[in-house]
Amino acid sequence: MIRLDAVSKRFGDLLAVNALTLNIREGEIFGLLGPNGAGKSTIISMISGQQQLTSGTLQVGGFQPDSKASKRLIGVAPQAIAVYEDLSAIDNLEFFGSLYSMRRAELKQRCTEMLEFVGLTDRARERVEKYSGGMKRRLNLAITLIHDPQVLLLDEPTVGVDPQSRNSLFDNILALKKRGKTILYTTHHMEEAERLCDRVGILDQGSLLALDTVENLIDEHGGASHLSATTATGVVDRDTHQPVVDLQEILSKHTGIRDLKLQRPELEKVFLNLTGRQLRD
Ligand SMILES: Nc1ncnc2c1ncn2[C@@H]1O[C@H](COP(=O)(O)OP(=O)(O)O)[C@@H](O)[C@H]1O
Ligand SMILES: [Mg+2]
């Protein structure tokens, strides 16, 4: 659905995106995981046609990124929330919806549905300046969806969001996947990638270091699991690449085992192993 072939973006001396090749499949939630400055927003803005590529090719649903057809196909929720603070949610939605050629009745109907979808119906007539960060993010998502796009580009949609709104956003995103939408989701939070994404690309300094399902990334780059057993005489623990074999060995050698823990590495470890650095907030 979204195809990038050797896409690079240069800002002066800085290579913000380095020969990125990526194929995001129809109906998947694809996560781009990387620290601040990795190039996530730059990639989003090239896909949405807001920035030109320096080199390479990019297509969305087979269309050029700045074409009318691809604009119709895509909804972007920018990292910097783009809503009018002095308007109500409903006026914001009607305004952004009017940029797409929708019939008046259809637009009204979409506004009502989207307010309901993001849980803002009760507050729809209040000025947005009174909203919490989480409510603004939810409105940002509703605006993204107003023309019922097939492809969603969600750029760090949980920044500045309280836990309740965060869960509500996650529910929304999973519901959109069920409706067949293709979703590109950027984040610097491991647990969001783990929870939501079918596949994850790990991005650092403009380069894609690895791309796979979370499970496969952990198998491939996560390193050893940690096994620990509390026996009658103390704790036996070790790092292991063959936990089942080691577990059997421990069980055969020790009696009176009180506790057993097998811990697989997490995505955090994958990033550390690939970059030599921690990915922290
Ligand atoms: N318009 C711009 N002009 C110059 N440098 C930019 C511009 N936009 C982004 N950058 C730089 O490109 C790099 C990638 O930025 P960005 O795509 O915003 O990363 P992320 O979204 O992963 O935090 C950063 O070093 C950033 O400072
Ligand atoms: Mg960004």
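Throughout, read-outs are computed from the coordinates displayed, never taken from laboratory work. Note that the structure is a prediction, hence the values are computed from the model and not measured. Because the Cβ atoms are built from the backbone with ideal geometry, glycine has one as well, and the counts that use them run over all protein chains shown.
Based only on the alpha carbon positions, what is the Kirkwood hydrodynamic radius of the stretch 192-281, in angstrom?
Kirkwood radius, the stretch 192-281: 14.8 Å.
Nearest 20 debye, what's the magnitude of the dipole of the chain about its Cα centre given +1 on Lys and Arg Cβ and -1 on Asp and Glu Cβ?
On the way: 34 positive and 37 negative charges, 148 e Å.
The calculated dipole for the chain is roughly 700 debye.
At most 14 other Cβ atoms within 10 Å and a DSSP loop assignment: could you name the trypsin sites (Lys or Arg not before Pro) in the stretch 194-281 that fit? Don't skip to the end; give the middle numbers.
Numbers: sites: Arg195, Arg199, Arg238, Lys253, Arg258, Lys261, Lys269, Arg277, Arg280; in loops: Arg258, Arg277, Arg280.
Of the trypsin sites (Lys or Arg not before Pro), the ones in loops of the stretch 194-281 whose Cβ has at most 14 other Cβ atoms within 10 Å are Arg258, Arg277, Arg280.
Of all DSSP beta bridges located in the chain, what percent are antiparallel, nearest 5?
Restricted to the chain, the bridges split so that about 65 percent are antiparallel.
Based on the Kirkwood radius over alpha-carbon pairs, what value in µm²/s does the Stokes-Einstein equation return for the translational diffusion coefficient of the stretch 141-216 at 10 °C and 1.306 mPa s?
So the translational diffusion coefficient is about 118 µm²/s.
Out of the trypsin sites (Lys or Arg not before Pro) in the stretch 85-116, which ones are loop residues according to DSSP with at most 10 other C-beta atoms within 10 Å?
Passing both the DSSP loop test and the Cβ count: Arg103.
Which of rounded, prolate, oblate describes the stretch 38-161, given a ≥ b ≥ c as roots of the alpha-carbon gyration tensor eigenvalues and a/c under 1.5 marking rounded, otherwise prolate only if a/b is larger than b/c? If you can, show how the numbers build up before the last one.
Values: a/c = 2.55, a/b = 1.47, b/c = 1.73.
Verdict is oblate for the stretch 38-161.
Taking only DSSP H segments of four or more residues, each worth -39500 (n - 2.57), what value at 222 nm results for the chain once the sum is divided by all its residues, to the nearest 500 deg cm²/dmol?
Numbers: 10 runs with 102 residues, N = 281.
Estimated from H runs of four or more residues: -10500 deg cm²/dmol.
Order by neighbour count: Asp204, Asp259, fewest other Cβ atoms within 10 Å first, most last.
By the 10 Å Cβ count, ascending: Asp259, Asp204.
Would you work out the Kirkwood radius for the stretch 2-218? I mean one over the mean of 1/r across all pairs of different Cα atoms, in Å. Mind dumping the intermediate values first?
Working: mean 1/r = 0.0568 Å⁻¹.
About 17.6 Å for the stretch 2-218.
What shape does the stretch 225-270 have by the C-alpha gyration tensor, where a ≥ b ≥ c are the square roots of the eigenvalues, rounded means a/c under 1.5, and otherwise prolate means a/b greater than b/c and oblate the rest?
Values: a/c = 3.19, a/b = 1.91, b/c = 1.67.
Prolate, because a/c is 1.5 or more and a/b exceeds b/c.
Once both axes come from the Cα atoms, what is the angle between helix 243-253 and the longest principal axis of the chain, in degrees from 0 to 90, rounded to 10?
Orientation of helix 243-253: about 30 degrees from the principal axis.
Given +1 on the Cβ of Lys and Arg, -1 on the Cβ of Asp and Glu, and no further charges, what dipole in debye does the stretch 99-236 carry about its Cα centre, rounded to the nearest 20?
My answer is approximately 980 debye.
What is the angle, in °, between the Cα long axis of helix 163-178 and the longest principal axis of the Cα atoms in the chain? Nearest 10 is fine, range 0 to 90.
Helix 163-178 sits roughly 80 degrees off the main axis of the chain.
Multiply the residue gap between Lys130 and Gln205 by 0.36 nm, knock off their C-alpha separation, and tell me the result in nm, one decimal place.
23.3 nm
Could you compute the net charge surrounding Lys178? Neighbours are other residues with a C-beta less than 15 Å from the C-beta of Lys178; K and R count +1, D and E count -1. Provide the component values of the computation, followed by the final result.
Values: positive: Lys177, Arg179, Lys181; negative: Glu26, Glu28, Asp148, Asp171, Asp198.
Charge balance near Lys178 sits at -2.
Any idea what angle helix 89-98 forms with the longest principal axis of the chain, computed on alpha-carbon atoms, 0 to 90 degrees, nearest 10?
Around 70 degrees separate the two axes.
Strictly over 24 Å apart at the Cα level, which of Lys71/Lys178; Lys40/Lys130; Lys9/Lys269; Lys130/Lys178; Lys68/Lys178 would you flag in this model?
Over 24 Å apart, Cα to Cα: Lys40/Lys130; Lys9/Lys269; Lys130/Lys178; Lys68/Lys178.
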